[in-house]
Amino acid sequence: MASSPDNAAIIRNIHSAAFIISLESSTPTTPEHYSRALWHGDIVDGLPVGLRNRWVDKPIQFIVFDNAHAGIMGEHSVMDGTPVVRLCDDALEMLSNPSFDHGSGSSTLIPTPLDWEVSPSILGAISKADVAARELAEGQALNYHLTRYGKEAIKAFGVSPDSWAQMIIQLAYNRLLGNEKRKGGTYEAASTRKFYKGRTEVIRVVTSESDAWLRSMDDPTATKETRRKFFGAATKRHVSLARECGQGQGVDRHLLGLRKLLKEGEEIPALFTDPVHTRASYWVLSTSAIFSKHFPVYGWGEVVPDGFGVAYMTGYDDRLQYTITSRKELPNAKFCEEIAKAAEDLYELHTDESAKPRL
């Protein structure tokens, strides 16, 4: 496309824009449909209509549907979830303020259409892209779950809501695997924005403490007291790791920095091809949490072919929210069922007479 001077000028205009607005004819109502409509749009007559109406490389696209529902698609290269959520929250709060000036509607600004030069070769490329986009969208599974309790109850038990939510994921995934060996690690994002140009660090959720707790949960000989003891150690370790990562004391970004120091043609140190390092950096669970009272859904795709994307929210007093994505051939619905069961088991573990919540 860029071989045409006119097209190249349009691309420069789009790339220079602060954001994109996509107006779409879809009318999503359920959480699953809403999620998919934002993620890749509907498939209509065999064509991925949503992706035809997006510029996916933009950091922010505001997507507005025919039923006045709206949302965003974000791209991570320039910014992370936290500033995007802040932007959306501020915009929505301003729009809902009765004193906000929406303008008189008498603007003399006239939109200028960006008319592409479309050659036969471009039409052929579009046709191939349509097929690839449809196969990608139709090859994805997505499920959504709300628990019957939220941060109010979890805090009453004296536990970090984020640690609690992560242990639910670990227990569910452990049960999903059964006797199968874990193939990779769990990625949880920690913000390092307190540092100049800081982005994220990896909280490595899987620890010796969390594994000991997992074994106890399905050990018929383990008492509730033992399970709670292991759970306390696991969540304490998780909180400690999260704090260290937020302070720039994680390992993954430092290793990335060392790798980026390699010059072209320079031999890669054995550390980066070591099987342990390779396996530990294969993110079978890509997890993270943001919170906005305005977001009924949010999520992303898996980052490895046999992995899951697990987005969650812990900010509501009365519920935890999970969105689970994966390729269609993986047991996505079963994983969602295991998350629901793990959430109930964890709540039950803390609600007998000897473990009343601290109010």
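All of the numbers you see were taken from the coordinates with simple rules; none came from a lab. The shown structure was predicted, so the numbers you read here are calculated from the model rather than taken from an experiment. Glycine also receives a Cβ, built like all others from the backbone with ideal geometry; neighbour counts cover every protein chain displayed.
Just to be sure I understand the curve: with the Debye formula and one point per C-alpha of the range 5-138, what is log10 I(q)/I(0) at q = 0.14, 0.16, 0.17, 0.20 Å⁻¹?
-0.83, -1.06, -1.17, -1.44
So how much slack lies between ASN53 and GLU138, counting 0.36 nm per residue of separation and subtracting their Cα-Cα distance, in nm?
Full extension from ASN53 to GLU138 adds 28.9 nm.
May I ask you to order 330-339, 91-100, 40-49 by the average number of other C-beta atoms within 10 Å around their residues, highest value first?
With the highest mean Cβ count within 10 Å placed first, the list reads 330-339, 40-49, 91-100.
Farthest toward the dipole's positive end in the range 5-138, which of PHE65, HIS15, PRO28, given Cβ charges of +1 (Lys, Arg) and -1 (Asp, Glu) about the Cα centre?
Farthest along the dipole direction, towards plus: HIS15.
If one computes the Cα centroid of the range 11-56 and of the range 291-339, what distance in Å separates the two points?
A separation of 20 Å, based on Cα centres.
Which whole-number percentage describes the relative contact order of the chain, with Cα contacts under 8 Å and a sequence gap of 6 or more?
It rounds to 20 percent for the chain.
Which of ARG259, ARG237 comes first, and how do the rest follow, when ranked by fewest Cβ neighbours within 10 Å?
ARG259, ARG237
What is the order of LYS341, LYS328, fewest Cβ neighbours within 10 Å to most?
In order of increasing Cβ crowding within 10 Å: LYS328, LYS341.
So in the range 5-138, what percent of DSSP beta bridges are antiparallel if you round to the nearest 5?
The answer is about 65 percent antiparallel.
Kindly express, to the nearest 10 degrees and within the range 0 to 90, the angle between helix 161-177's C-alpha long axis and the longest C-alpha principal axis of the chain.
Here the helix axis deviates by roughly 90 degrees.
Report the Stokes-Einstein translational diffusion coefficient (µm² s⁻¹, integer) for the range 227-359, Rh taken as the Kirkwood radius over Cα pairs, at 10 °C with viscosity 1.306 mPa s.
87
Hey, which aspartates and glutamates would be in cross-link range of LYS194, C-alpha to C-alpha under 18 Å, not counting anything within fewer than 8 residues on its own chain?
Result set, ordered by chain and number: ASP80, GLU244, ASP252.
Report Rg(Cα)/(2.2 N^0.38 Å) for the range 108-188, keeping two decimals.
That works out to 2.03 for the range 108-188.
With only Lys, Arg, Asp and Glu charged, each at its Cβ (+1 for the first two, -1 for the last two), find how big the charge dipole of the chain is about the Cα centre; round to the nearest 20 debye.
My answer is approximately 1140 debye.
Can you give the FRET efficiency to the nearest 0.05 for ALA270 and ASP6, using r as the Cβ-Cβ distance and R₀ = 56 Å?
0.65
Using only the alpha-carbon atoms, how far is helix 5-16 inclined from the longest principal axis of the chain? Give it as 0 to 90 degrees, nearest 10.
40
On a 0 to 90° scale, report how tilted helix 120-138 is relative to the longest principal axis of the chain, with both axes built from alpha carbons and the result rounded to the nearest 10.
It works out to around 20 degrees.
Quick one: which residues, 5 or more positions from TYR282 or on another chain, have an amide H under 5 Å from its amide H? H modelled 1.01 Å from N in the peptide plane, none for Pro or chain starts.
Result for TYR282 returns GLY185.
Under 5 Å between amide hydrogens, which residues at least 5 positions from ALA311 or on another chain qualify, with H placed 1.01 Å from N in the peptide plane?
Under 5 Å from the amide H of ALA311: TRP300, THR323, THR325.
Hey, which aspartates and glutamates would be in cross-link range of LYS155, C-alpha to C-alpha under 20 Å, not counting anything within fewer than 8 residues on its own chain?
Hits, sequence-local ones excluded: GLU225, ASP317, ASP318, GLU344, ASP345, GLU348, ASP352, GLU353.
Where does the chain land at 222 nm, in deg cm²/dmol rounded to the nearest 500, when only DSSP H runs of n ≥ 4 count, each adding -39500 (n - 2.57), divided by all residues?
-13000 deg cm²/dmol
Could you tell me the extents of the chain's C-alpha atoms along the three principal axes, largest first, rounded to whole Å?
Principal-axis extents of the chain (Cα, largest first): 71, 60, 44 Å.
Mind putting together the pair-distance distribution for the range 113-261? All Cα pairs, 10 Å bins, whole percent per bin, short to long.
9, 25, 26, 19, 12, 6, 2, 0
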